[in-house]
Amino acid sequence: MFRPSPIKAFATLTLVLGCGLAGLPAQAQVQSSLPLQQGMPSLAPMLKQVTPAVVNIAVTAKVEINNPLLQDPFFRRFFDVPEGPQERESQAMGSGVIVDATKGYVLTNSHVVDQAETIKVRLIDDREFDAKLIGKDPETDVAVLQIKAENLKALTLADSDKLEVGDFVVAIGSPFGLRTTVTSGIVSGLGRQGMGEGYQDFIQTDASINPGNSGGALVNLRGELVGVPSQILSRSGGNIGIGFAIPTNLAKTVMAQLTQYGSVERGRIGVQGQDLEPALAKAFGLPSTRGAVITMVVPGSPADKAGLKSEDIILKVNGREISTFGQLRNIVGLMRVGEKVELDTMRNGKPRTVTVTIGKASEESTSAAEGNLHPALTGATFGVLDPSIARQLRVQGIQVQDVAPNSPAARAGLRPDDVILSVNRQPVTTIEQFNKLAGPKAPELLLHLQRSGGALFLIIR
């Protein structure tokens, strides 16, 4: 299983390191950072320690057959097709990483085990085990499995916040079913976002990743896990040199909730915002573009109760500097309801520190990634309409907060700032109502929208 969105491998690590400091022999540079095997620099000693912790995952699932003919009553009677949805068995392959040898925990991608009926984990020594799904979180694409086995080898989780662009990394997995395949490259970028919806803080790498690598290991030269390959950017579905991995610090946070609670309870503070771009920073009289500006505070939300206001600039979250609104969303969204978050803010040029208690996400917004909504709404985030905007527009409804480019929601015709007045001719004013009427089992949705001062109906199938 794989999400097209992998990576151009260097011919050898020697060639990569051979492009190092001018005037120094390439061999000398390699030898300074890699062990020698038979007199040559090699990754083999490290890989012998690491590869036993990387596993192959085989999944079987039942998927619904999407064939319009099967919905035709005449066709069903003529060919004696049973009533109800028709399903077929689907098989897929992926990878995983053992991160706790004592408890048998295996870290992988949520999309690898999506809709799985059976999950089998095969080790490098050909032992095979039935795996139990402990929990999965589609919004971060993280899942945790458990196997009962002895003599397991687990990988050490590195501090992914210490990664830098240019660090060497190695990807290990089972691309195209080729077990225990190793490719090398560098960290090409950090903090990547915008690859669909969900909580994203990807490591970009050019270590070759292809279908089947999903859920495997991205390790540093010490053999420590720094990321879990998740997506590639590709027009053909194959490797073009741009792949993305979930940082271990993010995966570790999600894993802690999945192993303890079986799911992730999203937190929100009740703000909408945007990145502090140069033009905005100049307009606010700020010397730097680091930070995020609040564009709206949901009335009655934790942020409102803490005194945050529109136009406040958030500079740090729990002492950690942020440069985008997405970083704020990631940090807050992975905190438990009831926890407190400390925000360093700027208002009218004066610094302020505000402590906000995390509230429930379901009270303020929803998305198809949470499993609440019709699949055709995937890529859009919906939230309660701000009362001041409702008074200005003289309507009540649910606001489309964001729509990812080329997503099903975008193709269906939804746009950011649309206001949904009703679903299937039933008025909606709360997230709870919207989730109920636009749920995943609804065959068709008739949305009544207000857009740019006008109104229209939109049919979602």
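Taken over region 424-445, the criterion of being within 21 Å of Ala404 (Cα to Cα) and assigned to a strand (DSSP E or B) is satisfied by Leu445 alone. For region 367-383, the condition holds for at least one residue, the condition being that it is outside any strand (DSSP E or B), buried (at least 18 other Cβ atoms within 10 Å of the Cβ), at pLDDT 80 or above and β-branched (Val, Ile, Thr).
The single condition from (1) assigned to a loop (DSSP other than H, G, I, E, B); (2) buried (at least 19 other Cβ atoms within 10 Å of the Cβ); (3) not acidic (Asp, Glu) that Arg222 fails is (2). Per the conditions (1) buried (at least 19 other Cβ atoms within 10 Å of the Cβ); (2) hydroxyl-bearing (Ser, Thr, Tyr); (3) closer than 18 Å to Glu139 by Cβ, the sole criterion not satisfied by Thr259 is (1).
Hey, any hits in region 345-357 for a residue that's closer than 24 Å to Val264 by Cβ, part of a loop (DSSP other than H, G, I, E, B), assigned by TED's automatic domain parsing to the domain that holds Gln274 and not aromatic (Phe, Trp, Tyr)? Can you show your working first?
Keep residues of region 345-357 that are closer than 24 Å to Val264 by Cβ, which gives 355-357.
Now drop any that are not part of a loop (DSSP other than H, G, I, E, B), which leaves none.
Taking every residue of region 345-357 in turn, none turns out to be closer than 24 Å to Val264 by Cβ, part of a loop (DSSP other than H, G, I, E, B), assigned by TED's automatic domain parsing to the domain that holds Gln274 and not aromatic (Phe, Trp, Tyr).
For region 446-461, a residue qualifies if it is among the β-branched types (Val, Ile, Thr) and either more than 29 Å from the chain's Cα centre (by Cα) or more than 15 Å from Val400 (Cα to Cα) (or both), and exactly one does: Ile459.
Determine, yes or no, whether Val142 is over 18 Å from the mean Cα position of the chain (by Cα) and of a type outside the set (Gly, Ala, Ser). No. List, please: which pairs have Cβ atoms under 6 Å, are six or more places apart or on different chains, and start with a residue in region 200-215 that is within 22 Å of Asp137 (Cα to Cα) and end with one that is surrounded by fewer than 24 Cβ atoms within 10 Å (Cβ to Cβ) and charged (D, E, K, R)? The qualifying pairs are Phe202/Arg192; Gln204/Arg192. Selection of region 231-257 for residues being in contact with a strand residue (DSSP E or B) (Cβ under 7 Å, 6 or more places away or on another chain) and within 17 Å of Asn330 (Cα to Cα) yields Phe244, Ala245, Ile246, Pro247, Thr248, Ala251, Lys252, Val254, Met255. Within region 100-128, being surrounded by 19 or more Cβ atoms within 10 Å (Cβ to Cβ) and not aliphatic (A, V, I, L, M) holds for Gly104, Tyr105, Thr108, Asn109, Ser110, His111. Within region 423-441, the set of residues being touching a Leu at 6+ places or on another chain (Cβ under 9 Å) and not basic (Lys, Arg) comprises Val423, Asn424, Gln426, Pro427, Val428, Thr429, Phe434, Asn435, Leu437, Ala438, Gly439, Pro440. Scanning region 265-321 for residues that are assigned to a helix (DSSP H, G or I) and more than 21 Å from Arg336 (Cβ to Cβ), which turns out modelled with the highest pLDDT? Across region 265-321, the extreme among qualifying residues is Pro278.
Flag: Arg192 matches the condition of being closer than 17 Å to Gly166 by Cα and either among the basic types (Lys, Arg) or at pLDDT below 80 (or both).
I'd like to know if region 385-400 contains one or more residues that are part of a helix (DSSP H, G or I) and crowded, with 22+ Cβ neighbours inside 10 Å. It would help to see each step written out before you state the result.
Quick first cut of region 385-400, residues part of a helix (DSSP H, G or I) only: 387-393.
Still in the list and also crowded, with 22+ Cβ neighbours inside 10 Å: none.
No, every residue in region 385-400 fails to be part of a helix (DSSP H, G or I) and crowded, with 22+ Cβ neighbours inside 10 Å.
The values are calculated or read from the model by the stated rules, or taken from the named source; none is laboratory data. Remember, predicted model here, so these are calculated numbers, not experimental data. No Cβ is skipped: glycine too gets one built from the backbone with ideal geometry, and neighbour counts run over all protein chains shown.
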